[in-house]
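To keep things clear, I will list the structure first and then write my remarks on it.
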Amino acid sequence: MANLGFVGLGVMGGQMVNRLLSQGHTVTGYNRTRSKAQWLIDQGMRWADSPRAVARAADFTFVMVTNSAAIAAVTDGADGVLAGLTKGKVLIDMSTISPVASRALAAKVREKDADMVDSPVSGSVVTLQQGKLSVMVGGRRETFERVRPLLEDIGPKVTHVGDNGLALAMKIAINLSLAVQMLAFSEGVLLAEKSGIARQTAVDVLTHSAVASPMIQYRGPFVLEQPPEAWFDVNMMQKDMLLAMELGRQLDVPLPTTAATNEFLTSARGMGWAKQDFAVVFDVLARMSGVAK
């Protein structure tokens, strides 16, 4: 059993800590809003008053926050994770940020004689709870071998994809595909519906057809009714789409369907749906098609 730290106890981070506690690990956690972490404290998670305190207490510190600005907020400064790292410790960053920013953070970590891997995940709260999450890791092979057993306690599929930053490139590639698939699915549903097929029937057929990826199977029904709490909202998805287009420019890879789908996410924000699950691109297209939700 390991001595772990976890910074960022949102929907996904909190569920990960829950799994780690269930495996018998000691976990010290920090979240900007303590009340959101109370359910984990009640299950035995130790509370720390700063990211620095988490890193001081743990041998392996996980971080899972929303973007590059949030990473800087919890890693830099007198109370940041970097200030709590010492020789031999490992930072496991599960946030989705740019590969360039991640490599820069890894360099700062190594100045502390510690090490870091980027370790984003593919899946939702449901796949995490079912124990089906896929985890990607970028970093030194020897560090990967140290953290692999811990990551396998979060999700069964753990893959070392290469050096620092490459797991993030893989995650960005996955997420652009999710958004594009969701828009294509929405087009299919609306074409069927305007042909005279009931929306619920169209969704049922499509989610059991050859186009039904795992994401379409669990998110497709959101075109009938949005979940009470977004699994992955428009703002978060658009952040990843912009990262994808930035990476595409750097690598000279055209991303035409990514660019088009990004415009639908912008439209969703303009319509006041920024905090809805990104499946709300269906509603954008429905409104454009003259179809009522």
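The values are calculated or read from the model by the stated rules, or taken from the named source; none is laboratory data. These numbers were taken from a predicted model, which means no experiment stands behind them. Cβ coordinates were reconstructed from backbone atoms using ideal geometry, including for glycine residues, and neighbour counts include every protein chain displayed. Side chains included, ligands, DNA and RNA excluded: accessible areas come from the protein's heavy atoms. Shrake-Rupley method; radii C 1.70, N 1.55, O 1.52, S 1.80 Å.
Which residue pairs have Cβ atoms closer than 7 Å, lie 6 or more positions apart in sequence or on different chains, and pair a first residue in region 6-25 that is within 15 Å of residue 123 (Cβ to Cβ) with a second residue that is of a type in the set (D, E, K, R)?
Qualifying pairs under 7 Å: 19/153.
Residue check, residue 97 against (1) surrounded by fewer than 16 Cβ atoms within 10 Å (Cβ to Cβ); (2) under 21 Å from the mean Cα position of the chain (by Cα); (3) part of a loop (DSSP other than H, G, I, E, B); (4) touching a residue at least 12 places away in the same chain (Cβ under 8 Å), all met but one. Which one?
Only one criterion is unmet by residue 97, namely (1).
Any residue at all in region 77-93 that's closer than 26 Å to residue 24 by Cα, open to solvent by less than 70 Å² (accessible area, probe 1.4 Å), basic (Lys, Arg) and in contact (Cβ under 8 Å) with a residue 24 or more places away in the chain?
Scanning region 77-93, I find at least one residue that is closer than 26 Å to residue 24 by Cα, open to solvent by less than 70 Å² (accessible area, probe 1.4 Å), basic (Lys, Arg) and in contact (Cβ under 8 Å) with a residue 24 or more places away in the chain, so the answer is yes.
May I ask you to list the residues in region 211-243 that are free of Cβ contacts under 8 Å to residues at least 24 places away in the same chain and over 24 Å from residue 200 (Cα atoms)?
242
Name the one entry in 263, 246 that is at negative phi, touching a residue at least 60 places away in the same chain (Cβ under 8 Å) and in a helix (DSSP H, G or I).
When all the criteria are applied, what remains is 246.
How many residues, within region 12-70, are farther than 26 Å from residue 144 by Cβ, part of a helix (DSSP H, G or I) and either polar (S, T, N, Q) or modelled with pLDDT of 95 or more (or both)?
Within region 12-70, residues that are farther than 26 Å from residue 144 by Cβ, part of a helix (DSSP H, G or I) and either polar (S, T, N, Q) or modelled with pLDDT of 95 or more (or both) number 6.
Would you say residue 137 is in contact with a helix residue (DSSP H, G or I) (Cβ under 9 Å, 6 or more places away or on another chain), open to solvent by 10 Å² or more (accessible area, probe 1.4 Å) and assigned to a strand (DSSP E or B)?
no
Anything in region 140-168 that is open to solvent by less than 30 Å² (accessible area, probe 1.4 Å), at pLDDT 95 or above and touching a helix residue (DSSP H, G or I) at 6+ places or on another chain (Cβ under 8 Å)? List them, or say none. Let's see the steps before the verdict.
Of the residues in region 140-168, the ones open to solvent by less than 30 Å² (accessible area, probe 1.4 Å) are 143-144, 147, 150-151, 154-155, 158, 162, 164-165, 167-168.
Okay, now just the ones that are also at pLDDT 95 or above, so 143-144, 147, 150-151, 158, 162, 164-165, 167-168.
Hits for region 140-168 are 150, 158, 164, 165, 168.
Looking at region 188-237, which of its residues are on the phi < 0 side of the Ramachandran plot, loosely packed, with under 12 Cβ neighbours inside 10 Å and small (Gly, Ala, Ser)?
Of everything in region 188-237, those that are on the phi < 0 side of the Ramachandran plot, loosely packed, with under 12 Cβ neighbours inside 10 Å and small (Gly, Ala, Ser) turn out to be 195, 198, 209, 210.
Kindly indicate which of 57, 70 is under 19 Å from the mean Cα position of the chain (by Cα) and either buried (at least 23 other Cβ atoms within 10 Å of the Cβ) or touching a residue at least 12 places away in the same chain (Cβ under 8 Å) (or both).
After applying the criteria, what remains is 70.
Looking at region 145-162, I want the residues that are closer than 17 Å to residue 127 by Cα and have a partner that is of a type in the set (Ser, Thr, Tyr) and open to solvent by less than 20 Å² (accessible area, probe 1.4 Å) with Cβ atoms under 7 Å, at least 6 apart or on another chain. Which pairs are those?
Sorted first by the residue in region 145-162, then by its partner, the pairs are 151/119.
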